[in-house]
1. Kindly state, to the nearest 0.05, the FRET efficiency for Leu434 paired with Phe196, given R0 = 45 Å and r defined as their beta-carbon distance.
2. Helix 424-436 against the longest principal axis of the chain: what's the angle in degrees, Cα atoms only, rounded to the nearest 10?
3. Return the ratio Rg/(2.2 N^0.38 Å) for the range 122-259, where Rg is computed over Cα atoms only.
4. So what is the relative contact order for the chain, in percent, with contacts set as C-alpha pairs under 8 Å and at least six apart?
5. Highest mean first, how do 281-288, 98-105, 36-43 rank when packing is the count of other Cβ atoms within 10 Å averaged over residues?
6. Do any chymotrypsin sites (Phe, Trp or Tyr not before Pro) in the range 188-269 lie in a DSSP loop with no more than 10 other beta carbon atoms within 10 Å, and if so, which?
7. With viscosity set to 1.567 mPa s and temperature to 4 °C, compute the Stokes-Einstein D of the range 47-136, Rh being the Kirkwood radius across alpha carbon pairs; µm²/s, no decimals.
8. Between Leu308 and Gln81, what is the FRET efficiency for a Förster distance of 45 Å, r being their Cβ-Cβ separation, to the nearest 0.05?
Amino acid sequence: MKSDSVAMVDLPSNTYKQETVCIFGTGDFGHSLGLRLLQSGYNVVYGSRDPKNSKFLPKGSKIMTHAEAAYEAQVIFVAVQRDHYGFLSSLASDLDGKVLVDISNNMRSGMYTESNAEYMSTLVPAATVVKAFNTISAWSLQSGGLDANRQVLVCGDRADAKQLVVDIAQALGFAALDKGSIKAASELEDLPLQLFPLWRLPLRIAIGLTAFIFFYVLIRDVIYEGVTNGKDISFRIMISLANKAFPIVALVMLALCYLPGALAGLLQIYNGTKYRRFPDWLDRWMLCRKQLGLLALAFAFLHVIYTLVIPIRYYVTYRRNVYVISLVKDNVTYEFDKIAAWRYDSYFSMGILGFGLFVLLGITSFPSVSNSLNWREFRFVQSKLGYITLLLCTLHTFLYGWDKFLRPSKFKWCMPPAYMLSLVVPCVVLILKLILIAPCVDNKVTRIRQGWERQSKTSQNTSTPLMA
């Protein structure tokens, strides 16, 4: 009497390279996968409803009916959409004991109550279904070694079947990661549908900050002049106001990259242990620090570009010409101010150095660069040089503002200059960092991160032996 359970067959050894691999489906992905398999030394056979249609398949592969192709290989990649799975039921006997690799994805999340891989398992219960390669695109397969750092996520109920797929993935130059049982297929199928998941919070912060700062300087610079003095200087919106908003957003977002690390250190001191979870909001914040930094660098680039075009602006050349002509008419000599020279040279110097280190931080965050650095080198660049970058950019802003905060005329409608707002978060971060690097505090944080835990009074009293 035949059992209803899936037949357990002897799969090839992990060390045995599958000579022939079958692919059901002759579309873009099936074509790219077959080409990559052929380049890696595998024999490739395609299963198709119309075996005569083979002119677009990779040279060196074979094409035949589904049943004939299934007979040729142990591992079969099913490169068709879920809507076309129906033909698998008619091949149930031919697929007995085979390993079916489901690579499909859906158009949107939650389309079906069960994953595509689980649905396939119900159609061919005598086969072993493994979910894999659905997070790899056809372009990734065609790009060869240029994209070899991409991961192939694998899940399935049988370890030996998954190992066969892992071996193929590694032979193609990809890194494979086992994600557990077939129940994880739903999670894997949702991954390609996510749109910049780690960028959502940084983008919201960037858009919100930019909108707030832009409207803030719009009120102070344009609307204030129109209301109080009757001047229309709305033309300044395009360059001047944008070039005030972009550097402020860049500096604040750079500071936001390092603020969660400082808060985490303070929380560890407060808790007296590193084994207590951070709040969820802090976890999410720390996970998106790279994206925050890259967006900050993008705003810094915009600031540099806008600054470079300032000398050729019509308004600037007009003001310069009017000023020079007025000096000539009044026969007045423009006096050299040594303090102003020091201030402006220092202002530009801090900006250039800060931007240079900012670019270095961005470059080292790329996987191709960070992978070539050891842990200590990466930490030195991203942490120590990162704080130096923040310090230089903050000094750049202080030198820009100079003594404006002392002039009542700069507080329009009781609103402080915008540059003062940009200094709040960076100064808080730098002050917290100074506290954390103080020897007494730094030693305690180091001990906690090495595993030391502060015992509570209750545990101390419990552990103290009673005196008879």
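Where a number appears in this text, it was derived from the coordinates with a stated rule and is not lab data. Values in this document were obtained by computation on a predicted structure and should not be read as measured data. With ideal geometry, Cβ positions are generated from the backbone for all residues, glycine too; neighbour counts draw on all protein chains shown.
1. Using R0 = 45 Å, I get an efficiency of 0.80.
2. The helix 424-436 is inclined about 80 degrees to the chain.
3. 1.81
4. 11
5. Packing order, densest peptide first, comes out as 98-105, 36-43, 281-288.
6. Loop-located and lightly packed - none at all.
7. Value of D from the Cα-based Kirkwood radius: 93 µm²/s.
8. On the way: r = 51 Å, r/R0 = 1.13.
After rounding to 0.05, the efficiency reads 0.35.
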